[in-house]
1. So, with +1 on the Cβ of K and R and -1 on the Cβ of D and E, and no other charges, what is the size of the charge dipole of the range 1-84 about its Cα centre, to the nearest 20 debye?
2. With +1 on each Lys and Arg Cβ and -1 on each Asp and Glu Cβ, and nothing else charged, work out how big the dipole of the chain is about its Cα centre, in Debye to the nearest 20.
3. Residue by residue, what Karplus-based ³J(HN,Hα) values in Hz, rounded to whole numbers, does the range 292-305 have, using 6.51, -1.76 and 1.60 with θ = phi - 60° and x for Gly and Pro?
4. Helix-only estimate, please: 222 nm mean residue ellipticity of the chain, summing -39500 (n - 2.57) across DSSP H runs of length 4 or more and dividing by its residues, to the nearest 500.
5. Taking all protein chains as present, what is the carbon and sulfur share of the accessible area of the range 180-331, in % to the nearest whole number, probe 1.4 Å?
6. With all protein chains present, how much of the accessible area of the range 11-89 (probe radius 1.4 Å) comes from carbon and sulfur, to the nearest whole percent?
7. When each pair of different Cα atoms in the range 296-378 is counted once in the 1/r mean, what is the Kirkwood radius in angstroms, to one decimal?
8. Report, in cubic angstrom per residue, the convex hull volume of the C-alpha atoms of the chain.
Amino acid sequence: MSERRGAALTAYRLAGYAALPLVPLLLAYRTTKGKEDRARRHERYGRGTLNRPAGALVWIHAASVGETNAVLPLVRRIVEEGVNVLFTTITVTSAAVAAHRLPRGAFHQYAPVDIAPFVNRFLDHWKPDLAISVESEIWPTKMDCLVARDIPHIFVNARMSERSFRRWARIEAGKSGLFGKVTMSLAQSEGDGERLSALGVRRVRVTGNLKFDVPPPHATPEMVETVRGAVEGRAVFLASSTHEGEEEVIAAAHRVLRHRRPELLTILVPRHPVRGPAIRDQLVAKGFDVALRSAGEPISAATDIYLADTLGELGIFYRIAPIAFIGGTLVPVGGHNPIEAAQLNVAILHGPHVHNATDIYAALDRTGRAEVIRSSEQLAKVLDDLFADPNAMRRRATKAAEALAPFTGALDATMRALVPYLEPLAIAARLQDREPPAATGRTGRPR
């Protein structure tokens, strides 16, 4: 059994070499779908756009927007110690977030495709002193290359769902295999920690979920007031971070409810803004009046659905809508972060698929601060009941933040766990006269 498991990982690595001629085609295809940055595609081959800054360097990798937002406070703490941070992501949307929010002393590049020549080229250029991966970014080739160079590799905000655990358990070769190469894993929950230990991670500490320590999403007061003025007098419902298959359920609930509440406005924020025009076309074909935010279309009295296909504006809509459905839960994506909604006193609804954040949703459901939705008919009824009783809606919203309060403190716990690895780098940084990075620290493009 162990040999078969080890063979699976060997096959993965060999498949990477075999796929080398196909990588340009894959990246070109992803570019046509808006999933790659054409001007920076060379970074995916491990080529550095910037010069490596002098002194200590920590490489932090996060997959997309959610992980980026969660780890940004940790990035700030590290650069405050005088240590540079190379921050990599995969998605275009996360790169845009990094461009606007990375602190000075941190800079963004796209992560290399997980094939040995690209990863080694990346490591040859950047020579990080420490590698940190966020949540469940498990890339076997990267992990092999870090071990070969004796670079410590730590997972922060680490999670391992039951489904992922079962999959990895079938192919992993125990403590001598993939997970045995991890220096330390800082888990979100006891369950995550137990599953990571069972897979072979030798050092596991439970430090909590960094997302609880992230400030509420930003929104300028002027923009909030502009949108609030446009929806004045209307019953507003928000569906945030939705995926394909969820928009039609939301729209069907709107159709049912608008007969009883003609003033209803649904604000729909797709997880991937690039889908906005396609969603608009689908909804218009079903007879809905849709305004597309990316096209600058205003909310009118006739607007049924306001399609906010923009990046980084959820903070506006959480401050406008008293009720929010959290996407990725009606389809088996696993559920997106409900913490931002709770922080801003929004009543929370979600579907049954919440395996990415089981403990968070369980805390909300257990106290009656959230409600599980399984159909458009149920969603319409729950919304109607909440709109009919504004006091009950406000009580539910204000109690949600209280239900999640015991989960805070992960940022401090994570920093304490990282002290043995960060402190020597910080001391070396203070002893060395360092030149500033070649760029201002925000994007992968030098000035």
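The values are calculated or read from the model by the stated rules, or taken from the named source; none is laboratory data. Computed from a prediction, not measured in an experiment: that's the story for all the values here. Glycine also receives a Cβ, built like all others from the backbone with ideal geometry; neighbour counts cover every protein chain displayed. SASA here: full protein model, heavy atoms, side chains in, ligands and nucleic acids out. Shrake-Rupley method; radii C 1.70, N 1.55, O 1.52, S 1.80 Å.
1. Here the range 1-84 has a charge dipole of around 320 debye.
2. That gives a dipole near 940 debye.
3. Values per residue, Gly and Pro as x: 9, 5, 5, 8, x, 6, x, 7, 10, 4, 8, 5, 7, 10 Hz.
4. Helix-only estimate at 222 nm: -13500 deg cm²/dmol.
5. Carbon and sulfur atoms account for 52 percent of the accessible area of the range 180-331.
6. Ligands and nucleic acids excluded, carbon and sulfur reach 59 percent.
7. Value: 13.8 Å, from the Cα pair sum.
8. 147
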